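Chemist: Before we start, here is the structure in question, set down as structure tokens.
The values are calculated or read from the model by the stated rules, or taken from the named source; none is laboratory data. These numbers were taken from a predicted model, which means no experiment stands behind them. All Cβ positions, glycine included, derive from the backbone under ideal geometry; neighbour counts span all protein chains shown. Only protein heavy atoms, including side chains, enter the accessible area calculation; ligands, DNA and RNA are left aside. Shrake-Rupley method; radii C 1.70, N 1.55, O 1.52, S 1.80 Å.
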Amino acid sequence: MKVGNIVFSVLLCCLCSTVATADDAQARQLVQQARNQYDAESMYAQERAFELFYDAYGEATTYSLRSEISDELVKVYRNYTKFIKNRIPPFLDYCEDAQASLYRKLADYKDSRGKRLLGQTQLHQGDISGLTLVSQAAAEGDAEAAYLMAEAVSRGIEVARNADTAYRWLEIAAERGYAPACERLAAIHWDGDPNWNAAWNQSSAASYLDKAIELYTQFSNLSNPVTKKELQDYISSLRLIRENMQSFIGYNTGNVIQGFYPSFLALRLSTYNEQEGGLRVRAYYIKQELSRYGGTYHIAGLPDLDLSLIPIRLSYNEPEYVGHASTSYSPDDSICLQIDVHAENYAYANNESSRWRREIEINGTIAHEMAHCFLRSKYYSIFNGNYPYYKQLVEGHATNVEYAFVNHTYFDGEMTPETFAGSWCSSEYGNYFRWYRSHCLLPNGHTNWSVIEQHERAASPTGAGGKVRKLISGPDGTFRAPLFFR
């Protein structure tokens, strides 16, 4: 952005509406506060000084004072933008809703980053006009804004869906050095993702991932020790993905398991351990996949899940379970949820085939139990064990979610329902799976929610239908999301 001689005229246009009650004495007080606040080594202090100088300009009445303030504001802004460029990794430049006032002033100052951050806060609050600001920021050169536009256009969020345009926005974000864009391009080409009209190209995928690792590594020596450790761990996980990629390039993966081809998500999940921390990270990526394609995964129309409120436990000594979702309801219609994974009940890996089968089973279990959580958040009565179709509905729904997840993540969408029912389910759960497919699906393969609603009313003592319940934390409190999860 140019900030030389045009700054004064820009501010005059932007702030003319605020000068009706202008007061030079008040302006000078704000200037002094800004000078006292300023610290070139503190991001917060620079942001606060920028706001104070900005407000002082709006208060000032005389040309000389405005000119003086404008000169200081230019210097503060230049130093601040240089600080952001050199000290804040682009992939950690998150917006904070409480900072909306700062973002608005930056946006008024014609700062593209400020427009993107303000647009993001507006979108967080349900204001779709925020996408206009994001679009402006993307056109003006902001890398993350280009990435956000790629997501919006790819999914048709408040704009016309266009796979080619979305892909080009993603390329632009990568060209601007935005590591998550390179990472996404690696995933798209590894999978040959049709949602982006992208060709299946393992070599391109590997090259994009190499670039992502390089961009992340440039900031690996962060000053905050906790963030530094998380970033280094994240880079290590990407390097493991890259090693797995290399082992599969040109390899007939069907030799591992018939029909097997691990998606980028499958490779990512395999880099996390089976302890509770690793299970939690896996759950975030699995939930993101389910939510992104809600119809395919039979959760469209169900309330979203806040995983920070749901404990995900590694549990033992329950040989009858491989996973379990538990629920408690409160009189105020709130709900607590918990997911347990019984990893000790899976066969341990002793070769490549058994290693990937274990991966499929653990991650499929997380998807299965998460499906129960999604369904429980709206439907209560069909979970009554006395209802004749309880298991067919509840387990039928979850096994169909699990099938869709396993099929698309590990078998490139080529596994038939009958193969899943016969080879990956017990005979009991295979029957629930088939029943649900026969009775509860639309012709396009998505869940027919009117059928579920009818069963909910039939199972309810009062004939009540589905009701969204507020998800709250239990005695374990809340859990922090993985820092580098997107």
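Chemist: Shape call for the range 258-400 from the C-alpha gyration tensor, a ≥ b ≥ c root eigenvalues: rounded (a/c under 1.5), prolate (a/b greater than b/c) or oblate?
Modeler: Note, shape of the range 258-400 comes out prolate.
Chemist: Have a look at the chain and give its Rg and Dmax from the Cα atoms, expressed in angstrom.
Modeler: Final numbers for Rg and Dmax: 26.3, 84 Å.
Chemist: Please label the shape of the range 22-147 as rounded, prolate or oblate, based on the square roots a ≥ b ≥ c of the eigenvalues of the alpha-carbon gyration tensor (a/c under 1.5 means rounded; beyond that, a/b larger than b/c means prolate, else oblate).
Modeler: Values: a/c = 2.18, a/b = 1.66, b/c = 1.31.
Prolate shape, in that a/c is at least 1.5 and a/b is the bigger ratio.
Chemist: How high is the FRET efficiency between K75 and A163 when r is their beta carbon distance and R₀ equals 41 Å, given to the nearest 0.05?
Modeler: 0.35
Chemist: According to the Kirkwood expression over distinct Cα-Cα pairs, how big is the hydrodynamic radius of the range 110-179, in Å?
Modeler: Details: mean 1/r = 0.0863 Å⁻¹.
About 11.6 Å for the range 110-179.
Chemist: A further question on this structure: Any idea what Rg and Dmax come out to for the range 31-70 if you just take the C-alpha atoms, in Å?
Modeler: 10.4, 32
Chemist: Loop only by DSSP, 16 or fewer other Cβ within 10 Å of the Cβ. Give me the chymotrypsin sites (Phe, Trp or Tyr not before Pro) in the range 124-205 that pass, ordered by residue number.
Modeler: Filter output for the range 124-205: W200.
Chemist: Still on this structure, please answer the following. Treat each spin label as a single point 7 Å out from the Cα along the C-beta direction, and report the K85 to N36 distance in nm.
Modeler: Calculated label separation equals 3.3 nm.
Chemist: In percent, how large is the relative contact order of the chain, given Cα pairs closer than 8 Å and 6 or more residues apart?
Modeler: About 9 percent, as a whole number.
Chemist: Next question. Would you work out which of S70, S326, T478 lies farthest towards the positive end of the dipole of the chain, given +1 charges on the beta-carbon of Lys and Arg and -1 on that of Asp and Glu, about the Cα centre?
Modeler: S70
Chemist: Based only on the alpha carbon positions, what is the Kirkwood hydrodynamic radius of the range 75-215, in angstrom?
Modeler: One decimal place: 15.6 Å for the Kirkwood radius.
Chemist: Further question: Calculate the FRET efficiency for Y321 and E140 from the Cβ-Cβ distance with a Förster distance of 51 Å, rounded to the nearest 0.05. Walk me through the intermediate numbers first.
Modeler: Values: r = 53 Å, r/R0 = 1.05.
Step by step, r from the Cβ atoms, then E = 0.45.
Chemist: Working from the pairwise distances between different alpha carbons, so that the mean of 1/r is found and then inverted, what is the range 383-425's Kirkwood radius in Å? Could the numbers behind the result be given before it?
Modeler: Working: mean 1/r = 0.0893 Å⁻¹.
In the range 383-425 this quantity evaluates to 11.2 Å.
Chemist: Could you give the longest part of the chain that holds none of the GluC sites (Glu not before Pro) found in DSSP loops with at most 10 neighbouring Cβ atoms within 10 Å?
Modeler: Maximal segment without exposed cleavage sites: 42-319.
Chemist: Determine the shape class of the range 157-303: with a ≥ b ≥ c the square roots of the Cα gyration tensor eigenvalues, call it rounded for a/c under 1.5, and otherwise prolate if a/b is greater than b/c, oblate otherwise.
Modeler: rounded
Chemist: Apply the Karplus curve 6.51 cos²θ - 1.76 cosθ + 1.60, θ = phi - 60°, to the phi angles in the range 453-467 and return the couplings in whole Hz, x for Gly and Pro.
Modeler: Rounded to whole hertz, the list is 4, 4, 5, 4, 5, 5, 7, 7, x, 9, x, 6, x, x, 9.
Chemist: For the chain, with only Lys/Arg (+1) and Asp/Glu (-1) charged at the beta-carbon, what is the dipole magnitude about the Cα centre, in debye rounded to 20?
Modeler: Once rounded to the nearest 20, the dipole reads 440 debye.
Chemist: Output needed: percent of Cα pairs per 5 Å distance bin for the range 160-223, bins running from 0 to the one holding the longest distance.
Modeler: Computed distribution, short to long bins: 4, 21, 25, 24, 14, 7, 4, 2, 0.
Chemist: Please list, in chain and number order, the residues 5+ apart from G323 or on another chain whose amide H is under 5 Å from its amide H, with Hs placed from the backbone.
Modeler: Amide H neighbours of G323: H342.
Chemist: Among N255, W196, L131, flag the residue with its Cα farthest along the positive direction of the charge dipole of the range 117-266, charges on Cβ as +1 for Lys/Arg and -1 for Asp/Glu.
Modeler: N255
Chemist: Okay, next question. In whole Hz, with x marking every Gly and Pro, tabulate ³J(HN,Hα) for the range 90-97 from phi via Karplus 6.51 cos²θ - 1.76 cosθ + 1.60, θ = phi - 60°.
Modeler: Calculated HN-Hα couplings, in order: x, 7, 10, 8, 7, 8, 10, 4 Hz.
Chemist: Here's another thing I want to ask about it. Would you pull out the residues with amide H under 5 Å of L441's amide H, same chain only if 5 or more places away, H placed 1.01 Å from N?
Modeler: So L441 has HN proximity to N448.
Chemist: Roughly speaking, to the nearest percent, how much of the chain's 1.4 Å accessible area is carbon and sulfur?
Modeler: C and S atoms contribute 49 percent here.
Chemist: Hey, what do the phi angles of the range 23-30 turn into as Karplus ³J(HN,Hα) couplings, whole Hz, using 6.51/-1.76/1.60 and θ = phi - 60°, x for Gly and Pro?
Modeler: 8, 5, 5, 5, 4, 5, 5, 5
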